[in-house]
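Below is one structure; the comments refer to it alone.
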Amino acid sequence: MSSGILEAVPNFSEGRDRAVVDAILDAIRSAGAEILDWSADADHHRSVVTFVGTPAVVERAALAAARVAYERIDLRRHQGVHPRIGALDVLPFIPMAGLSMADARESARRVGRAIAEELGVPVYFYGEASEPPGRRLADLRRGGFETLAGGWPADRRPDLLPRGWEHPGAHPTAGATCVGARPVLLAWNVFVDGITHADAARIASRIRQAGGGFPGLRALALELPTRGAVQISMNLEDASVVSPLEVFEAIESQVEDLGGHVVETEVIGMLPDELLLSAAASRLKLAEAAPGRMLTRRVLEYVVTRASDEIEER
């Protein structure tokens, strides 16, 4: 197994009980992974953790966190504004320095098999881990946990079922887990004021790929009762292909045309280099602002390559 750096960004269907979130974080740390970021949201009723390590460490940490989620989260009592089908809802693996997408796919397939065989929860593969590659999360989560609880839709049989599975559909409390491999993704929320939720929904519909908008952009308008706020919640699949600044400016323009304004932008997880790079390049009129020129990225690649060479020489 490679000694490069693998990232995992699991999404758990728990954003209100800090004790459960802490137990998940402790399981990840105890497995030896480095947590870079985590967040929990009560309205989404969801927490997101970003952690890194070697593939072996990240796989071990992902399974440890999954075990806690399956033991502590009961989807029958779960209500939030974010779509979900599992206690551990989404588990993507992202290749970082020293790894390829093929490496991330192998990790996803190994962990998916362990979730089904050892932890007893059905698994879907998505992104680069599906066969063929490219299955979309939105298609798997359509209708939520409730749609899968009584039986599998004809077009959504899981890729893996636990041995001797006796339920007609998803696990009664843990649901099903989507395990994937993908590039770095920008998960972000733009909070707006002065427009209605219906207005925000129309903007989200226009800017997302499915509505003829930006390629690789998924967008939903959500109303957050705890905060008394409206947000446009988005995933941008590849921020090196579509400029996040261009997406933001499209939202800002449409919101202002309706008499509202953008309050703030919230990034879930780590900040992709491309997010800040595109904004800085536009504002400063920066020439040759290629991601490959980012100092932190090049230093990290050097460190990983040097470490791999030293291991091979021993």
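The values are calculated or read from the model by the stated rules, or taken from the named source; none is laboratory data. Keep in mind that what you see is a predicted model, and the values were worked out from it rather than measured. Glycine also receives a Cβ, built like all others from the backbone with ideal geometry; neighbour counts cover every protein chain displayed.
From the list 113, 105, 76, exactly one residue is out of contact with any helix residue (DSSP H, G or I) (no Cβ under 9 Å at 6 or more places or on another chain), surrounded by fewer than 18 Cβ atoms within 10 Å (Cβ to Cβ), charged (D, E, K, R) and not in a loop (DSSP other than H, G, I, E, B). Which is it?
Working: 105 fails: surrounded by fewer than 18 Cβ atoms within 10 Å (Cβ to Cβ); 76 fails: out of contact with any helix residue (DSSP H, G or I) (no Cβ under 9 Å at 6 or more places or on another chain).
Being out of contact with any helix residue (DSSP H, G or I) (no Cβ under 9 Å at 6 or more places or on another chain), surrounded by fewer than 18 Cβ atoms within 10 Å (Cβ to Cβ), charged (D, E, K, R) and not in a loop (DSSP other than H, G, I, E, B) holds for just one of 113, 105, 76, which is 113.
Residue count for segment 116-144 under the criterion of being surrounded by fewer than 15 Cβ atoms within 10 Å (Cβ to Cβ) and either aliphatic (A, V, I, L, M) or more than 19 Å from the chain's Cα centre (by Cα) (or both): the result is 5. With respect to (1) within 20 Å of residue 235 (Cβ to Cβ); (2) crowded, with 24+ Cβ neighbours inside 10 Å, the lone exception for residue 87 is condition (1).
The strands (runs of 3 or more DSSP E) located wholly in segment 123-238 that include 1 or more residues which are more than 29 Å from residue 65 (Cα to Cα) and hydrophobic (A, V, I, L, M, F, W, C) occupy 186-193, 217-224, 229-236. Among residues of segment 39-61 that are closer than 13 Å to residue 91 by Cα, those with a beta-carbon under 6 Å from a residue that is assigned to a strand (DSSP E or B) and small (Gly, Ala, Ser) at least six positions away or on a different chain give the pairs 47/40; 48/39; 51/8; 58/8.
When residue 262 is tested against (1) β-branched (Val, Ile, Thr); (2) surrounded by 15 or more Cβ atoms within 10 Å (Cβ to Cβ); (3) over 23 Å from the mean Cα position of the chain (by Cα); (4) at pLDDT below 95, exactly one condition is not met: (4).
Does residue 201 fit the bill of being within 18 Å of the chain's Cα centre (by Cα) and modelled with pLDDT of 95 or more?
Details: within 18 Å of the chain's Cα centre (by Cα): no; modelled with pLDDT of 95 or more: yes.
It is false that residue 201 is within 18 Å of the chain's Cα centre (by Cα) and modelled with pLDDT of 95 or more.
Exactly one residue out of 219, 210 is at pLDDT 95 or above and within 22 Å of the chain's Cα centre (by Cα): that is 219.
Would it be correct to say that residue 233 is of a type outside the set (D, E, K, R), crowded, with 20+ Cβ neighbours inside 10 Å and modelled with pLDDT of 95 or more?
So residue 233 fits the description; yes.
Filtering segment 145-197 down to residues that are hydroxyl-bearing (Ser, Thr, Tyr) and surrounded by fewer than 20 Cβ atoms within 10 Å (Cβ to Cβ), which residue is farthest from residue 221 (Cα to Cα)?
Of segment 145-197, the ones hydroxyl-bearing (Ser, Thr, Tyr) are 147, 173, 177, 196.
With surrounded by fewer than 20 Cβ atoms within 10 Å (Cβ to Cβ) added as a condition, the list becomes 147, 173, 196.
Working: 147: 21, 173: 27, 196: 10 Å.
Among residues in segment 145-197 that are hydroxyl-bearing (Ser, Thr, Tyr) and surrounded by fewer than 20 Cβ atoms within 10 Å (Cβ to Cβ), the one farthest from residue 221 (Cα to Cα) is 173.
In this structure, is residue 60 of a type in the set (Lys, Arg), within 18 Å of residue 113 (Cα to Cα) and surrounded by fewer than 24 Cβ atoms within 10 Å (Cβ to Cβ)? Yes: the conditions hold for residue 60. If you go through segment 1-34 and keep only what is surrounded by fewer than 16 Cβ atoms within 10 Å (Cβ to Cβ) and either part of a loop (DSSP other than H, G, I, E, B) or in contact with a helix residue (DSSP H, G or I) (Cβ under 6 Å, 6 or more places away or on another chain) (or both), you end up with 1, 3, 17, 32.
Per-residue answers, yes or no, for (1) modelled with pLDDT of 95 or more; (2) farther than 27 Å from residue 162 by Cβ; (3) within 18 Å of the chain's Cα centre (by Cα):
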residue	(1), (2), (3)
22	yes, yes, no
26	yes, no, no
65	yes, no, yes
81	no, yes, yes
87	yes, no, yes
91	yes, no, yes
98	no, yes, no
104	yes, no, yes
